[in-house]
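The values are calculated or read from the model by the stated rules, or taken from the named source; none is laboratory data. Model, not experiment: these values are computed from the prediction. All Cβ positions, glycine included, derive from the backbone under ideal geometry; neighbour counts span all protein chains shown.
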Amino acid sequence: MTRDQRLRPSRLGPSDVLRVGAAGLRARPTRVILSALGIAIGIATMVAVIGISSSSREQLLRQLDRLGTNLLTVSPGRTLFGEQAELPAIALDMVKRIGPIHTASATGTADTGVRRTDRIPEAVTGGISVQAATTELLTTLEGRVAKGTWLNAATERQAAVVLGSEAATRLGITRVGVRVWMGGRWFTVIGILEPMPLAPEIERSALVGFPVAEKLLGFGGHPTTIYERSREEAVEAVRAVLPRTVNPENPNEVEVSRPSDALAARAAAASAFTNLLLGLGAVALLVGGVGVANTMVISVLERRREIGLRRSLGATRGQVRIQFLAESLLLSALGGLVGSVLGALATTAYALSRDWPPVVPSWAFGGASAATLVIGTIAGIYPAMRAARLSPTVALAAQ
Amino acid sequence: MNAPYVVALHAVTKVYAGQVHALRGVDLTVAGGELLAIVGPSGSGKSTMLHMIGTLDRPTSGTVRIDGYDIAELSDRELSALRGRTLGFVFQQFHLAPGVSALDNVAEGLLYTGIPRRERRERAAAALERVGLGHRLAHRPHQLSGGEQQRVAVARAVAGDPPLLLADEPTGNLDSGAGAEVLGVLRDLHASGTTIAIITHDVEIADWCPRQVRVRDGRIVADHGDGAGRPAEITKGTGSGPPAEITEEARPDGRTEITTKGGRA
């Protein structure tokens, strides 16, 4: 006689699955910590790599925002015969007539160097160029004077010089009022500029007025760089007409560039390096996953009697399987959680030490959780299958 | 009771790999409310009988019915459900989870019955009360004596009120005093109606049970006593202590004698 009523095993609720999985971990804390550490290191590496590169990019983007992307520079290209071209002397006035441009200025390289004293040989230039600059230059570049003053209508006619930040450092000049030797005579330093990320060539220059450069330094009056700022939305249109405006005869001898593109390119270039480091993090994570799988296999071997007991208490194979899967997932999730926190801390510490805004994108945490779940599942499948396949009698007989 | 017998074995054989005949045709019926001992020396096949009755393994031939279900017709899942609902196991080595309170160890026994956690703990407390450990709910296994640990295991086995309690050498790891303590608990459970089968090699425990099934070489060689009767008095010597031990020269020719030293066997 067989009963009609079918036997159906009861389902294990999610909270029971979690409890049973956690109980297995609680019984062996040292081993749990060590094998979760593997996952934690992998996740921390990846989160920190993503975080640090995001922080660095955020820093560049904020800098771009601050500096603006509406600055264009015009410089002479090459002639058709490959010789260095020249911008016409009236180029700056032509540029200023373009409608959307609200400020424009020019520099011209004078063929001389700058030295602390007349005792230093001429060959030693220190990489500093002497440039004639129009008085509007500081406005156009939105630069600031760190010490002293900028050139004005009076000083641009005098033997006065304003040093870029880098030029001042190289010359060892920290205050105004000292004299430097330029083009065979003394010039007085009247100002030192703050750094200019959009125009690093200005940082390395000694700037004098156009009139004095023409009079004392043998400057020909042809600008070598024209800086202009226009309305943000008109930048591309301005860029298109600039060559013909600057040099209507030979527009092909004019080069126009956008300095903010260089910063944007730096932001993009950082990601290539990031990918390499992410790969390293992934390898660490993989090793961590192998560690978890190893721990789980040993755990199943050691706990055969517990498995036998649970089978005798009515656990189905599926319930034994899910118990060990849950354990593996919890182990890996623990590692992931610790790793995310460590990664975020490392990012914050590094970013603050570099004066960057600490940024860890939320997708990094999302990716970390997804990675730990996948690793936990893969690492747990084989041990869980082994546990479930164990016959109750063999399991109970285990010593 | 829906089925006439809690356990019904008919012509059960079990052959393990390598032509080891553990059971050679066993017929056994156990009605509800009995207390019986399945007794025999090691290698007699009594452990295999435990596996058959406990549905932990399937017979090579013959039929095994537990609580009316023919286990040959049940899938692994259904067998698990049957074990969870119908059977309670007590093992020689207690199998308690270390570092977990007595209450939670017992409650774990109801994990696979679908009872909500709170009710599991309530029932566990009631079961511990029944085995006389109501004052030890929060104790961990290492804080309990051997006899108390085995009583926790008994509580775990009976917390779900299974129709059949299977005890595999329940006093095998205990001294005689603790063994008597555990037998006392089993006697009380029997008195309140639980069907109990004790698998043992200890003839003294077997004699204590109102019904004895003697197993030798895979066959039942004797089956006497009325399982529904009352067990004997527990003497101080009852347990696995030295007074009554079966010597091991019983196998394999099948004609050996059981020699016992001391005891009442």
Here is a check on your reading of the model: is A:L12 part of a helix (DSSP H, G or I), within 14 Å of another protein chain (Cβ to nearest Cβ) and over 30 Å from A:R239 (Cα atoms)? no
Going residue by residue through segment A:62-80, is there one that turns out to be within 14 Å of chain B (Cβ to nearest Cβ), crowded, with 19+ Cβ neighbours inside 10 Å and β-branched (V, I, T)? no
Could you figure out which of (1) in a helix (DSSP H, G or I); (2) in contact with a helix residue (DSSP H, G or I) (Cβ under 9 Å, 6 or more places away or on another chain) isn't true of A:G99? (1)
B:S42 passes all but one of the listed conditions (1) farther than 24 Å from B:L82 by Cβ; (2) surrounded by 15 or more Cβ atoms within 10 Å (Cβ to Cβ); (3) not aliphatic (A, V, I, L, M); the exception is number (2)
Go through segment B:1-33 and give me each residue that's more than 21 Å from B:D70 (Cβ to Cβ), more than 14 Å from chain A (Cβ to nearest Cβ) and not in a strand (DSSP E or B). B:G18, B:Q19, B:G33
Of the residues A:I33, A:I43, A:I98, A:I90, which is more than 14 Å from chain B (Cβ to nearest Cβ), surrounded by 20 or more Cβ atoms within 10 Å (Cβ to Cβ) and either within 30 Å of B:R83 (Cβ to Cβ) or among the hydrophobic types (A, V, I, L, M, F, W, C) (or both)? A:I43
Would you confirm whether any residue within segment A:311-322 is more than 14 Å from chain B (Cβ to nearest Cβ) and either crowded, with 24+ Cβ neighbours inside 10 Å or under 19 Å from B:G99 (Cβ atoms) (or both)? no
Output the number of the condition that A:V49 fails; it satisfies all remaining conditions of (1) assigned to a loop (DSSP other than H, G, I, E, B); (2) crowded, with 17+ Cβ neighbours inside 10 Å; (3) of a type outside the set (K, R). (1)
Within segment A:257-278, is there a residue that is aliphatic (A, V, I, L, M) and within 14 Å of chain B (Cβ to nearest Cβ)? no
For segment A:41-89, how many residues meet the condition of being closer than 30 Å to A:A368 by Cβ, in contact (Cβ under 8 Å) with a residue 40 or more places away in the chain and not β-branched (V, I, T)? 17
Just the residues that are at positive phi and among the small types (G, A, S), please, taken from segment B:180-228. B:G193, B:G218, B:G225
For a quick check of your reading of the model, give me the residue pairs whose first member lies in segment A:218-247 and is in the same structural domain as A:I202 (by TED's automatic domain parsing), whose second is exposed (fewer than 14 other Cβ atoms within 10 Å of the Cβ) and aliphatic (A, V, I, L, M), with beta-carbon atoms closer than 9 Å and at least 6 apart or on different chains. A:G220/A:A89; A:G221/A:A89; A:H222/A:A89; A:P223/A:A89
For residues that are touching a helix residue (DSSP H, G or I) at 6+ places or on another chain (Cβ under 6 Å) and modelled with pLDDT under 90, tally how many sit in segment B:182-231. 1
Across segment B:51-63, what is the total count of residues that are farther than 19 Å from B:G160 by Cβ and either at the interface with chain A (Cβ under 8 Å from one of its Cβ atoms) or buried (at least 23 other Cβ atoms within 10 Å of the Cβ) (or both)? 3
Tally, over segment A:189-199, of residues that are surrounded by fewer than 20 Cβ atoms within 10 Å (Cβ to Cβ) and either under 13 Å from A:R179 (Cα atoms) or at pLDDT 85 or above (or both): 2
Going by what's in this entry, would A:P251 be described as free of Cβ contacts under 8 Å to residues at least 60 places away in the same chain and touching an Asp or Glu at 6+ places or on another chain (Cβ under 8 Å)? no
For A:V246, only one of the following conditions fails: (1) closer than 30 Å to A:T45 by Cα; (2) surrounded by 18 or more Cβ atoms within 10 Å (Cβ to Cβ). What is its number? (1)
Note: among A:V300, A:V256, A:V283, A:V292, just one is β-branched (V, I, T) and loosely packed, with under 14 Cβ neighbours inside 10 Å, namely A:V283
Can you go through A:D93, A:D118 and tell me which one is farther than 21 Å from A:N252 by Cα, assigned by TED's automatic domain parsing to the domain that holds A:G220 and acidic (D, E)? A:D118
Can you tell me which residues in segment A:152-181 are aliphatic (A, V, I, L, M) and in contact with a helix residue (DSSP H, G or I) (Cβ under 8 Å, 6 or more places away or on another chain)? A:A159, A:A160, A:L163, A:A167, A:V180
Need pairs with beta-carbon distance below 7 Å; first residue under 12 Å from B:N173 (Cβ atoms) and within segment B:77-100, second of a type in the set (K, R) and buried (at least 22 other Cβ atoms within 10 Å of the Cβ); sequence gap 6+ or separate chains. none
Log entry, pairs with first residue in segment A:344-369 being of a type in the set (F, W, Y) and modelled with pLDDT of 90 or more, second being part of a helix (DSSP H, G or I) and crowded, with 18+ Cβ neighbours inside 10 Å, beta carbons closer than 7 Å, six or more apart or on different chains, reads A:Y350/A:I52; A:F365/A:S340
